[in-house]
Amino acid sequence: MEHHLVLIHGAWQGSWAWNLVRPYLEAAGFEVHAVDLPMVPPSPTEGISLDLYAAQVSDVLRSLDAPAFVVGHSGGATVACQVAENDPDRVRGLILIAGITPPDGKSFSDITAELGEERGIDGIWPFLVWNEGRTVCAVSKQGAREIFYHDAPVDLADWAFTQLVPQPLGGLVLTPHLTDERFGRVPRLYVEALGDRSVLLVAQRRMQELLPGARVAKLETGHAPLLSAPAEVARIIIEEVESATAAA
């Protein structure tokens, strides 16, 4: 049976973030749909927001001939959770990789504020370069290398940095609205990145406590296993889909 996979990238990135993972998934027989979340407001009066991101992914889901497994990396996991809330019947399962998954009504900044004494809890934020109005920011090369891609080959890390784009603030501060009746009935796998310097493990586990119900897998990687361990990421996704299919 052919399965649809909808892949959602994190902040400052694009569908290119899945380039190294995608061939493994396609070789396993999956139909892969890697989305590009908008980084530029659609109009002067409409800004970037979680609602906009979730609506774009829902449009992809509704174009498919069957429900899909939705995979979100980093901030893309927040989007994936909101999509599951909005369209639970179109989502067969969620796979959240190094995911930012705050509970209903909270943002990741609320989580980091709670854990404020943890060393490095700010992750990438000290390495951001803001515009004058502090409405758009970019990742510095130092931040990309030290926080995102520290365990990736240097040539891949340097290439990935050149692909990063400025991110509007509305695409960073994401506060989901989640309910047990809708989001809560979608099966979830949370994939921990044990060496993450952006979303520290303590933050990953705190979000799991606040949003319980996910099964857990682990990767011995930093924040970007899509780059540093693509075969392992693909293996986890494939095994999760096979397990969910066998249990259905």
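List pairs: first residue in the range 69-96 and closer than 25 Å to LEU201 by Cα, second residue modelled with pLDDT under 95 and open to solvent by 10 Å² or more (accessible area, probe 1.4 Å) anywhere in the structure, Cβ distance under 6 angstrom, at least six positions apart or on different chains.
Sorted first by the residue in the range 69-96, then by its partner, the pairs are GLY93/ALA244.
Checking PRO126 against (1) touching a helix residue (DSSP H, G or I) at 6+ places or on another chain (Cβ under 7 Å); (2) more than 19 Å from VAL21 (Cβ to Cβ), which single condition isn't satisfied?
(1)
Give the residue, chosen from VAL173, VAL139, that is aliphatic (A, V, I, L, M) and open to solvent by 30 Å² or more (accessible area, probe 1.4 Å).
VAL173
Name every residue in the range 84-106 that is among the aliphatic types (A, V, I, L, M) and either open to solvent by 20 Å² or more (accessible area, probe 1.4 Å) or closer than 12 Å to THR179 by Cα (or both), in order of residue number.
Listed by number, the residues that qualify are ALA84, ILE100.
Looking at this structure, is GLY143 out of contact with any Cys (no Cβ under 8 Å at 6 or more places or on another chain) and within 25 Å of ALA54 (Cα to Cα)?
Against the criterion (out of contact with any Cys (no Cβ under 8 Å at 6 or more places or on another chain) and within 25 Å of ALA54 (Cα to Cα)), GLY143 does not qualify.
Being touching a helix residue (DSSP H, G or I) at 6+ places or on another chain (Cβ under 8 Å), among the small types (Gly, Ala, Ser), open to solvent by 30 Å² or more (accessible area, probe 1.4 Å) and in contact (Cβ under 8 Å) with a residue 60 or more places away in the chain is true for just one of SER109, SER49. Which residue is that?
SER49
Can you report the number of residues in the range 1-13 which are open to solvent by less than 70 Å² (accessible area, probe 1.4 Å) and either of a type in the set (Lys, Arg) or part of a loop (DSSP other than H, G, I, E, B) (or both)?
6
Any residue in the range 14-25 that is surrounded by 24 or more Cβ atoms within 10 Å (Cβ to Cβ), assigned to a strand (DSSP E or B), of a type outside the set (S, T, N, Q) and at pLDDT 95 or above?
Checked the range 14-25: no residue is surrounded by 24 or more Cβ atoms within 10 Å (Cβ to Cβ), assigned to a strand (DSSP E or B), of a type outside the set (S, T, N, Q) and at pLDDT 95 or above.
Considering only the range 115-136, state which residues are acidic (Asp, Glu) and loosely packed, with under 13 Cβ neighbours inside 10 Å.
Passing the criteria: GLU117, GLU132.
Could you list, in sequence order, all residues of the range 220-247 that are among the hydrophobic types (A, V, I, L, M, F, W, C) and free of Cβ contacts under 8 Å to residues at least 40 places away in the same chain?
ALA229, ALA246, ALA247 - these are the residues of the range 220-247 that are among the hydrophobic types (A, V, I, L, M, F, W, C) and free of Cβ contacts under 8 Å to residues at least 40 places away in the same chain.
Might you let me know whether the range 190-207 holds any residue that is under 24 Å from ASP36 (Cα atoms) and surrounded by fewer than 18 Cβ atoms within 10 Å (Cβ to Cβ)?
So far as the range 190-207 goes, no, none of its residues is under 24 Å from ASP36 (Cα atoms) and surrounded by fewer than 18 Cβ atoms within 10 Å (Cβ to Cβ).
The values are calculated or read from the model by the stated rules, or taken from the named source; none is laboratory data. Everything numeric in this text was worked out from a predicted model, so none of it was measured. Cβ sites come from the backbone with ideal geometry, for glycine too, and all protein chains shown count toward neighbours. The area values use the complete protein model at the heavy-atom level, side chains included, leaving out ligands, DNA and RNA. Shrake-Rupley method; radii C 1.70, N 1.55, O 1.52, S 1.80 Å.
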